[in-house]
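Student: Please see the structure below; I have some questions.
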Amino acid sequence: MKKILCYSGGKDSTAMLIHLLKNNAQIDDIIYVDVGDWMWVNAKDHIRQVEETLGVKITILNATDEISKGFQRWGFPSILNRWCTGIKRVMMRDYIKDKYGERESIVQYIGYCSDEEKRTGKPLYSAYDVEYPLVEANITNEDALKLCKDYGFDFGGNYEHHSHYNCWMCPLQKVDELYYIWKNEPQLWEQLRQMQLQTDGEYQYKRTIFHFEQKFWERNRKELEMRRLQARKKYNRKRGRPKKVK
Ligand code: SF4
């Protein structure tokens with residue numbers, strides 16, 4: 001039997017890896033699928049850091065071409081057509097089949113945290129038997145992040161503005177997270193605009209990137225206005241002049 005950890009690079013699979021190593025659990029392979037420039041630029045450094053710190057070798061499968069072809073064909077992924085995760089899954093499955101053969105029994109480690117236990121009851125697209133080491137060890141989302149930090153993994157600070165460490169361009173991210181990119185990552189935003197120009201499909205919920213861009217300008221204008229009013233109020237309070245602010 002072979003036990004395989006499909007590594008996403010995020011806090012949950014990193015915490016799962018740390019936990020399994022600490023408990024001398026069987027790990028025959030750690031597989032990571034590289035989606036090229038869809039992933040945050042610090043991901044490669046993170047993978048290297050994990051290998052060096054934990055003394056493991058991560059098998060990297062390169063999906064850059066398939067992702068690029070997929071985008072030409074289907075445009076942005078969506079909840080109903082998450083073709084990119086399909087590509088990753090097939091790539092991992094083919095690699096496992098080639099390396100270990102069809103007759104080897106395979107167990108896949110899945111990095112759900114204990115506060116996501118209900119996810120374990122949902123149908124999985126894994127072709128293998130599965131184990132949930134974080135659920136079994138009662139490790140929550142918060143514990144997982146702390147465990148990673150204890151080992152010096154900070155994911156380039158991504159968890160300070162994003163709930164997941166996955167593709168920066170993902171249309172399934174929250175609007176606030178997309179707003180963060182618009183505001184703080186102009187190069188990535190320009191890449192998103194260019195991607196939108198290459199496809200007829202919308203970015204998220206029937207809205208294009210240009211729709212979000214327009215909304216974000218307005219949101220930013222309101223935020224600046226609010227900050228200006230608050231600064232004026234504070235200034236007036238300090239001077240003992242409770243003036244009405246227009
Ligand atoms: S994070 Fe989003 S864009 Fe990246 S593979 Fe997953 S669903 Fe696709």
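Student: Please list, ordered by chain and number, the residues whose modelled amide H lies under 5 Å from the amide H of Val130; skip anything fewer than 5 residues away on the same chain.
Tutor: The list, which skips near neighbours in sequence, is Gln108.
Student: Label point 7 Å out from Leu172 along Cα-to-Cβ: which residues of region 76-113 have amide N under 20 Å?
Tutor: Those under the cut-off are 76-94, 108-113.
Student: Please give every one of the aspartates and glutamates within straight-line cross-link reach of Lys99, meaning a C-alpha to C-alpha distance under 18 Å, and leave out same-chain neighbours fewer than 8 residues apart.
Tutor: Cross-link targets: Asp28, Asp29, Asp129.
Student: Please report the relative contact order for region 2-168, taking Cα pairs under 8 Å with a sequence separation of at least 6, and give it as a percent rounded to a whole number.
Tutor: 33
Student: What list of ³J(HN,Hα) values in whole Hz, one per residue of region 99-110 in order, does the Karplus curve 6.51 cos²θ - 1.76 cosθ + 1.60 (θ = phi - 60°) give from phi, with Gly and Pro shown as x?
Tutor: Couplings: 7, 10, x, 6, 8, 5, 8, 10, 10, 9, 7, 10 Hz.
Student: Right, another one. Could you check the simple spin-label distance between Lys222 and Thr53, using points 7 Å along Cα→Cβ, in nm with one decimal?
Tutor: 3.9
Student: Can you run phi through the Karplus equation (6.51, -1.76, 1.60; θ = phi - 60°) for region 208-214 and list ³J(HN,Hα) in whole Hz, with x for Gly and Pro?
Tutor: For region 208-214, the Karplus-derived couplings read 8, 4, 5, 4, 4, 4, 4 Hz, x marking Gly and Pro.
Student: Please list, in chain and number order, the residues 5+ apart from Arg82 or on another chain whose amide H is under 5 Å from its amide H, with Hs placed from the backbone.
Tutor: none
Student: What pairs in Lys146/Lys206; Lys149/Lys215; Lys44/Lys97; Lys22/Lys44 have C-alpha atoms more than 28 Å from each other?
Tutor: On the way: Lys146/Lys206 37 Å; Lys149/Lys215 35 Å; Lys44/Lys97 26 Å; Lys22/Lys44 24 Å.
Too far apart for the 28 Å limit: Lys146/Lys206; Lys149/Lys215.
Student: Please state, rounded to one decimal and in Å, the Kirkwood hydrodynamic radius that region 2-168 gives when every pair of distinct Cα atoms enters the mean of 1/r.
Tutor: Result for region 2-168 stands at 16.6 Å.
Student: A further question on this structure: So how compact is region 1-96: Cα radius of gyration and Dmax in angstrom?
Tutor: 14.4, 44
Student: Oh, and also: Please pull out the direction-averaged projected area of region 174-246, using the convex hull of its alpha-carbon atoms, in nm² to one decimal place.
Tutor: Its average projected convex-hull area is 6.4 nm².
Student: Using amide H atoms built in the peptide plane, which far-off residues or other-chain residues are under 5 Å from Leu61 H to H?
Tutor: Under 5 Å from the amide H of Leu61: Tyr32, Val33, Asp34.
Student: Output ³J(HN,Hα) for region 36-45: one whole-Hz value per residue in order, computed from phi by the Karplus curve 6.51 cos²θ - 1.76 cosθ + 1.60 with θ = phi - 60°, and x for Gly and Pro.
Tutor: x, 7, 6, 8, 3, 5, 7, 5, 5, 5
Student: Please compute, over every Cα-Cα pair in region 81-120, the percentage with a separation greater than 16 angstrom. Mind dumping the intermediate values first?
Tutor: Values: 433 of 780 pairs.
In whole percent, the share of Cα-Cα pairs in region 81-120 beyond 16 Å is 56.
Student: Next up: Test of understanding: express the Cα radius of gyration of region 71-144 as a ratio to 2.2 N^0.38 Å, with N the residue count.
Tutor: Normalised Rg, Cα atoms only: 1.34.
Only the coordinates and a few stated rules stand behind these numbers; no lab work does. Just so we're clear, the structure is a prediction, and the values are computed from it rather than from any experiment. Cβ atoms come from the backbone with ideal geometry, glycine included; neighbour counts cover every protein chain shown.
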